[in-house]
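Take a look at the structure set out below.
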Amino acid sequence: MNFYSRLAEAYICRRHRAFDSGKKEIKRVDTPILSTGSLTLGGAGKSPLTHFITDLLDSQRVSPAILSRGYGRQSRGVHEVHLSGNLSKDAKQFGDEPVMLKSLLPHIPVVVSQDRYDGARFLEQRYQPRVIVLDDGFQHRRLHHDLDILIFKKNFKGMKASYFPFGDLRDSLSRLKKADFIFLEDGASQKVTEFLSSQAAVIPYTLTYSLDKPIRQTGSICAFCGIAGPDRFQETLQMLNIHPRIFIPFRDHVNYNPAKLQRLIRTGCETFVTTQKDAVKLPESFLKTHDVHLVIMDIVPDIPVDKLIMNQFKLK
């Protein structure tokens, strides 16, 4: 571990000790809190995990609600996500990931709040959910969690992981023992699998990919994305037998302003392929005048998980 990593580890552990010792207050609400998250930065699969867990709870007739920070949004305070019919406008107000989750689960309440305690209280008072799913909440300590589920991609380095900017680690590996379940993508090394299994119950999973509609392979294709792992998106396109003439990686949580849209249009491509998270930020004018296709990503656990989670959470 280099000097920077030791310094980052010391700072992060000091922060957690302040909460663990009671020096910093951890607030509780009456509703059980199920937190999803990871120890790594963007691209770990946290939003797909939130979608999967929320959909699972809903299928078990356990009325869930989603609480998110709403990263990158223009609004402040506590807001319930309502879709206006203009997703790009909604994404600016609430954040791209909360709007994506709301579009996937339109009947589930979704609230954004930088102060998650205030957001949880809002949900309690308005909807009385049986479970609040705290999206990407593992590092948020001010609100008590009743269950923590982490997710890692197959390229996670385990004990060899390094802190950003030398790696993608953003939290101490020592906190793995706080997890109740760890979703680990198939294909991870044996050492990483054994390391994570020694910390918490590991649930192996597969990522499946599909297109929202058939694509024409005769015309030129431009693929683009504004996510943390653009290389992984390129691999996904190859798996789907999609071979774009042009691939444009934007920064994560990109705002598709007129300049960005013109860059796409100037490619002269007839077909565009992007992610669900990017799609919610594209203006309706672009979607209506161009042939845009979305790559759908789903988490498929290798083992049944409904009873595991329901029993651990004491839910029936």
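The values are calculated or read from the model by the stated rules, or taken from the named source; none is laboratory data. Because the structure is predicted, anything quoted here is derived from the model rather than measured. Glycine gets a Cβ as well: all are built from the backbone with ideal geometry, and neighbour counts include every protein chain shown. Areas reflect the complete protein model, heavy atoms only, side chains present, ligands, DNA and RNA absent. Shrake-Rupley method; radii C 1.70, N 1.55, O 1.52, S 1.80 Å.
For this structure, a couple of remarks:
- Per-residue SASA remark: Lys307, around 150 Å² accessible (1.4 Å probe; ligands, DNA and RNA not included).
- Value of relative contact order over the chain, rounded to a whole percent, pairs C-alpha under 8 Å and six or more apart: 21
- All Cα-Cα distances of the range 17-74, cut into 10 Å bins from zero to the largest, leave 17, 38, 36, 9 percent in each bin in turn.
- Cα centre as origin, Lys/Arg/Asp/Glu Cβ charges: the range 149-277 dipole, Debye: 320
- To the nearest 10, the accessible area of Thr289 is 100 Å² with a 1.4 Å probe.
- The distance linking the range 61-93 with the range 98-173 is 14 Å (Cα centroid to Cα centroid, whole angstrom).
- Gln238/Lys213 FRET efficiency (R0 22 Å; Cβ-Cβ; nearest 0.05): 0.70
- Placing unit charges on the Cβ atoms only, positive for Lys and Arg and negative for Asp and Glu, gives the chain a dipole magnitude near 940 debye about its Cα centre.
- Think of the chain as having a plus end and a minus end, set by charges on the Cβ of Lys, Arg, Asp and Glu; of His293, Ala279, Thr206, Ala279 sits farthest toward the positive end of this dipole.
- Gyration tensor (Cα) of the chain, equivalent ellipsoid semi-axes in angstrom: 32, 24, 20
- Each Lys and Arg contributes +1 and each Asp and Glu -1, all at the Cβ; summed about the Cα centre of the range 60-129, the dipole is approximately 40 debye.
- Extreme residue, positive dipole direction of the chain, given options Ala10, His144, Pro109 (C-beta unit charges): Ala10
- P(r) tail fraction, the range 12-121 - alpha-carbon pairs more than 22 Å apart, %: 38
- Ellipticity at 222 nm from helices only: DSSP H runs of n ≥ 4 in the chain, each -39500 (n - 2.57), divided by the residue count, give -9500 deg cm²/dmol.
- Toward the positive end of the charge dipole of the chain, with +1 on the Cβ of Lys and Arg and -1 on the Cβ of Asp and Glu, the farthest Cα among Thr193, Met239, Ser162 is that of Ser162.
- Accessible area, probe 1.4 Å, largest first, for residues Lys213, Lys89, Lys102, Lys260: Lys89, Lys213, Lys260, Lys102
- Antiparallel content of DSSP bridges confined to the chain, in %, to 5: 20
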